[in-house]
Amino acid sequence: MTPVIARTREELASARAEITGTLALVPTMGALHEGHLSLIRRAGELADAVAVSIFVNPLQFGPHEDLDRYPRTFEADVAACAAEGVDLIWAPTVEEMYPAQPQVRLSAGRMGTVVEGASRPGHFDGVLTVVMKLFNQVRPDVAVFGAKDAQQLALIRRMVADLDVPVRIEAGPTVREADGLALSSRNRYLSPEERRTALALSRALRAGEQAAGEGPAAILHAARAVLAEAEQADPPLVPDYLELVDPATFEPVGESHAGEAVLVVAAKVGTTRLIDNVPLTLEPREK
Ligand code: AMP
């Protein structure tokens with residue numbers, strides 16, 4: 001069965017009215033890959049019907065970022081959604097989504113200014129604004145996001161809690177290639193040589209993970225060593241940040257931290273910026 005494709009608010013309203021049971025939404029920017037498909041499958045387990053939104057949101061791109069060259073593969077995305085049994089695709093144009101420049105927007109607050117937010121000012125404000133609009137437009141019971149974008153997930157959970165948004169948030173784990181590279185729509189920009197260098201991100205996270213028993217400083221040291229080596233590679237890795245943070249706040253954890261943490265990394269290879277992370281559980285250590 002092919003999904004209903006809604007391009008306008010009117011088309012969305014009539015398609016939404018046909019859905020009688022519970023609805024799960026998977027927000028995406030398209031260029032769908034196995035990571036997105038894993039969320040769509042999870043959505044199918046959580047609700048009677050599944051909606052996928054496909055919208056490249058200008059509000060979350062900085063002036064010098066890759067909005068114009070962001071991959072757009074709509075026909076293939078529709079085919080992938082059809083194969084997964086998706087009921088509804090919400091794919092508005094920029095004009096449909098933003099008939100005027102939005103004056104009233106959401107602010108991600110402090111968590112929106114640290115780590116990824118420090119490198120991409122305003123990014124998370126743009127993400128939260130569009131996600132809130134998508135929730136209001138589609139009115140899902142549950143929405144599914146990837147742990148790949150850990151800070152985005154934490155902020156959406158926080159938005160839903162702080163603003164009493166009537167949507168349940170569920171997360172799916174990061175889907176990786178066999179060699180560890182986290183799937184991303186941006187991976188298609190990488191040349192084979194750049195892709196080889198890019199493997200240092202997931203390798204660094206694994207090195208950190210293996211040092212988890214030795215505490216935060218050792219975790220960061222082990223991961224940093226992998227990145228430092230990749231900085232000497234050809235083509236080189238250009239690290240942006242590597243941090244061990246509290247998954248709820250994205251503040252760095254202290255050396256005595258025990259419990260959940262997330263090791264987050266961002267780097268550029270050539271002109272492509274990549275992010276990755278791994279969740280860690282730190283056991284209390286003897287002093
Ligand atoms: P995007 O299209 O990049 O905005 O991503 C849409 C959703 O897919 C977000 O919730 C992402 O976190 C999620 N996602 C992207 N890549 C992956 C991946 N490799 N594994 C799991 N989820 C992913």
In whole Hz, the Karplus estimates of ³J(HN,Hα) for region 136-149 (6.51, -1.76, 1.60; θ = phi - 60°; x where Gly or Pro) are 5, 6, 8, 6, x, 7, 9, 10, 10, 10, x, 5, 3, 9
Ignoring ligands and nucleic acids, Glu45 exposes an accessible area, probe 1.4 Å, in Å² to the nearest 10, of 140
Charge dipole of region 31-154 built from unit charges on the beta carbon (Lys, Arg +1; Asp, Glu -1), centred at mean Cα; most positive-end Cα among Val52, Pro71, Leu106 is Leu106
Counting only DSSP loop positions in region 1-36, the trypsin sites (Lys or Arg not before Pro) whose Cβ has at most 14 other Cβ atoms within 10 Å are Arg7
With the convex hull built on the alpha-carbon atoms of region 4-172, volume per residue in Å³ sits at 111
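Expressed as cubic angstrom per residue, what is the convex hull volume of the alpha carbon set of region 187-277? Don't skip to the end; give the middle numbers.
Working: hull volume 7.6 nm³, N = 91.
It comes to 83 Å³ per residue, whole-number rounded.
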Put His33, His221 in order of accessible area, largest first, probe 1.4 Å, and you get His221, His33
Within region 114-130, the residues whose backbone N lies under 20 Å from a label point placed 7 Å from the Cα of His64 along the Cα-to-Cβ direction are 114-126
Honestly region 90-149 on the Cα gyration tensor test (a ≥ b ≥ c root eigenvalues; a/c under 1.5 rounded, otherwise a/b vs b/c for prolate or oblate) is just oblate
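Before I look further, what does the chain give for accessible area per residue, probe 1.4 Å, in whole square angstrom?
47
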In debye to the nearest 20, the charge dipole size for the chain, taken about the Cα centre with +1 at each Lys and Arg Cβ and -1 at each Asp and Glu Cβ, equals 240
With all protein chains in place and a 1.4 Å probe, Ile5 shows an accessible area in Å² (nearest 10) of 70
Taking Cα atoms, the helix 9-18 axis meets the longest principal axis of the chain at an angle in degrees (rounded to 10) of 80
Yeah, region 60-105 with a ≥ b ≥ c from its alpha-carbon gyration tensor (a/c under 1.5 is rounded, else prolate when a/b outruns b/c, oblate otherwise) is oblate
Between Gln103 and Phe74, the two model label points (7 Å from Cα along the beta-carbon direction) sit apart by a distance in nm of 3.1
For Met97, Met1, the accessible-area ranking with a 1.4 Å probe, largest leading, is Met1, Met97
Ranking Ala83, Ser256, Pro140 by how far each Cα lies towards the positive end of the charge dipole of the chain (+1 on Lys and Arg Cβ, -1 on Asp and Glu Cβ), the top one is Pro140
HN-Hα couplings for region 47-64 via Karplus (6.51, -1.76, 1.60; θ = phi - 60°), in whole Hz with x for Gly/Pro, come out as 8, 6, 9, 10, 10, 10, 9, 10, 7, 7, 8, x, 4, 9, 9, x, x, 10
Hull volume per residue for the chain, using the convex hull of the C-alpha atoms, in Å³ is 132
By the Cα gyration tensor axes a ≥ b ≥ c (a/c under 1.5 gives rounded; else a/b larger than b/c gives prolate, otherwise oblate), the shape of region 133-230 is oblate
Region 4-100 -> Rg/Rh from Cα coords, Kirkwood Rh, value 0.98
Amide H neighbours of Gly172 at under 5 Å, excluding residues fewer than 5 places away on the same chain, with H built from the backbone geometry, are Phe145, Gly146, Ala147
Answer in debye to the nearest 20: the dipole magnitude of region 4-172 about its Cα centre, from +1 Lys/Arg and -1 Asp/Glu charges placed on Cβ, is 440
With a 1.4 angstrom probe the carbon and sulfur portion of accessible area for the chain, in percent, totals 52
Taking every other residue with Cβ under 9 Å from the Cβ of Val265 and scoring Lys and Arg +1, Asp and Glu -1, one gets -3
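Kindly sort Ser185, Ser38, Ser256, Ser14 by accessible area of their heavy atoms, largest first, with the probe set to 1.4 Å. Present the calculation step by step, with values, prior to reporting the outcome.
Details: Ser185 5, Ser38 35, Ser256 95, Ser14 70 Å².
Descending order: Ser256, Ser14, Ser38, Ser185.
The values are calculated or read from the model by the stated rules, or taken from the named source; none is laboratory data. Computed from a predicted structure; not experimentally measured. Ideal geometry is used to build each Cβ from the backbone, glycine not excepted, and the neighbour counts take in all protein chains shown. Note: areas computed on protein heavy atoms with side chains; ligands, DNA, RNA excluded. Shrake-Rupley method; radii C 1.70, N 1.55, O 1.52, S 1.80 Å.
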